[in-house]
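Below you'll find the structure, written out as structure tokens, and then a few comments.
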Amino acid sequence: MPDGGTGRPRGGRTGDGPARFTAREAVALLADDFHELASPTAEYAPDGPLSWQGYDDSRARAAARTGEQESVVCGTATVGGTKGGGGDNGVGGTRAVLISFEFGFLGGSLGERTGDRLEAAYTYAREHSLPVVSLIATGGSRMQEGMRALAQLQRVARQSVLTREARLPQLAVLRDPTTGGGWATLGAGADVILALPGAQVGFAGARVRPQDADPYAYTAEAQLEAGAIDAVVAPDRLRAEVALWLELLTTVDPATERVAPPPPRALAATPLPRTGWDAVQQARAPERPRAQAYLDAYFTRRAAISGDRCGGADPGMVCGFGKHDGRTVAYAAQCGTATRPAGFRTAARLVRLAGRLGIPVLTLVDTPGAANDAEAERAAAGAAIADLFAAVAASPVSITSLVIGEGGSGGALALAAPDNTWATPDSYFSVIAPELAAAILKRPGDEIRSTADQLRLRPQDLAELGVVRGIVEQAPEQTR
């Protein structure tokens, strides 16, 4: 890496470029009571492990310029609280281990001593049962240390895995720039990934990517569209956003992870359908309450994850965590559209994360079925659906499901909890849509309605067949 230096004012912008912050300025975006951890005492041999001529001088200049002795600063703080606000969750915020990169120190590059600090920070987090928040700004591994520097990525990955096994959440905030191994380990490996607007984010840094590459593809906004990060958050909103995430993911009672969350009440004052076709028409009614209305009514506040981490995002599947009656509940909800492979993968990611953290899950079923176009097949729709089926089947926490609209075939069933699925009066659940069933059976169009009756897809039919546990009552405000 070069000596470093951003070429931009600290904490500010140059032209249309994104804001850049020093390591400690980035920490100040989140907390006021940062306490730095003691740094490991190991020293480099003269000019490092490769005896790279001038390396000692480069590090000395970087230290003089930034006031830091390495490219990362680690400590603890109460995120969301004010100075002296205490260390417990709640109004005082959440105590966490913060890892903040100093890009002005050799481009925020990772060397052996950087690895020492990261390992010590992760170890401290596990010893004190604290979540980890990484504020990343790095150009990658430090060339002056060669493969010894690159090997730090394996070291970081190991620490992340151990922390994951300890059931502690990991959050990443991507600053400008976040590239190379720092993105591919601390960044992309986090449970929740936020980014500052306009931040350069990508495995390939600006000096090594193809000259004709589209620069937009290497931005935080493009990574959000590609399902690689969860949200782009302005600096003045970052403290509140991270504080909410930490509260949601850490206020978990292990004694209640097997206690199923109650299903939401029905939001529409809709009578039970007389016929199968009535059920289909009620579920397809444009005015019927959708997932967002149910989530708004169920949760006092919530935060969303986005994307499947495989290159896709499906706006028809919304996932995240929220507070219901003071308890954190994860949610995955279909929004009435044909669910795409990215949607199934995002839901599976949500279910597995909730299971690891001991957080029960609510799913809302509402889809005519899985997307079946050529693009969906190229994106491995079958594998994505299978992955969600497996995630739900293997979940160590309780899952509650509510069918709020259309329950179309396997694309709907994949999101439904075995033995704990409920239905609203304005919903249906079917092995296949009645129109498609008639087509497969080579029936004329005028037999679609009778086919709907034969499928026994009404909520009361589903309860009688044992497919759902029951039909939820209408919310009190809907019955007045």
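Things worth noting here:
- For first residues located in segment 64-79 and without any contact (Cβ under 8 Å) to a residue 40 or more places away in the chain and farther than 22 Å from ALA240 by Cα, partners that are assigned to a loop (DSSP other than H, G, I, E, B) and not basic (Lys, Arg) and lie 6+ apart or on another chain with Cβ distances below 9 Å form the pairs GLY67/THR22; GLY67/GLU102; GLN69/SER39; GLN69/PHE105.
- Boolean, GLY382 is under 26 Å from GLU247 (Cβ atoms) and surrounded by fewer than 24 Cβ atoms within 10 Å (Cβ to Cβ): no
- Within segment 428-458, the set of residues being buried (at least 24 other Cβ atoms within 10 Å of the Cβ) and either more than 23 Å from PRO262 (Cβ to Cβ) or touching a Pro at 6+ places or on another chain (Cβ under 6 Å) (or both) comprises SER430, PRO434, ALA452, LEU457, ARG458.
- Residue count for segment 146-178, restricted to those that are in a helix (DSSP H, G or I), in contact with a helix residue (DSSP H, G or I) (Cβ under 6 Å, 6 or more places away or on another chain) and in contact (Cβ under 8 Å) with a residue 40 or more places away in the chain: 7
Table: residues versus (1) in contact with a Cys (Cβ under 9 Å, 6 or more places away or on another chain); (2) part of a strand (DSSP E or B).
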position	(1), (2)
ARG309	no, no
PHE321	no, yes
ALA332	yes, yes
PHE344	no, no
LEU353	no, no
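- If the condition is being without any contact (Cβ under 8 Å) to a residue 40 or more places away in the chain, under 30 Å from LEU135 (Cα atoms), of a type in the set (A, V, I, L, M) and not in a loop (DSSP other than H, G, I, E, B), then segment 220-277 contributes ALA222, VAL232.
- For segment 261-289, taking the residues that are under 30 Å from the mean Cα position of the chain (by Cα) and surrounded by 19 or more Cβ atoms within 10 Å (Cβ to Cβ), the one that is farthest from ALA433 (Cα to Cα) is identified as PRO261.
- On inspection, GLY355 passes the criterion of being at pLDDT 95 or above and either on the phi < 0 side of the Ramachandran plot or among the small types (Gly, Ala, Ser) (or both).
- In segment 225-250, residue surrounded by the fewest Cβ atoms within 10 Å (Cβ to Cβ) [restricted to those that are of a type in the set (Asp, Glu) and within 19 Å of LEU186 (Cβ to Cβ)]: GLU241
- Test for THR339: is it more than 15 Å from the chain's Cα centre (by Cα), buried (at least 21 other Cβ atoms within 10 Å of the Cβ), within 16 Å of SER306 (Cβ to Cβ) and outside the structural domain of ALA226 (by TED's automatic domain parsing): yes
- Matching option when the condition is surrounded by fewer than 18 Cβ atoms within 10 Å (Cβ to Cβ) and of a type outside the set (D, E, K, R), among ALA190, ALA157, ALA149, ALA137: ALA157
The values are calculated or read from the model by the stated rules, or taken from the named source; none is laboratory data. Model, not experiment: these values are computed from the prediction. Methodologically, a virtual Cβ is constructed for each residue, glycine included, from the backbone with ideal geometry; neighbour enumeration extends over all protein chains shown.
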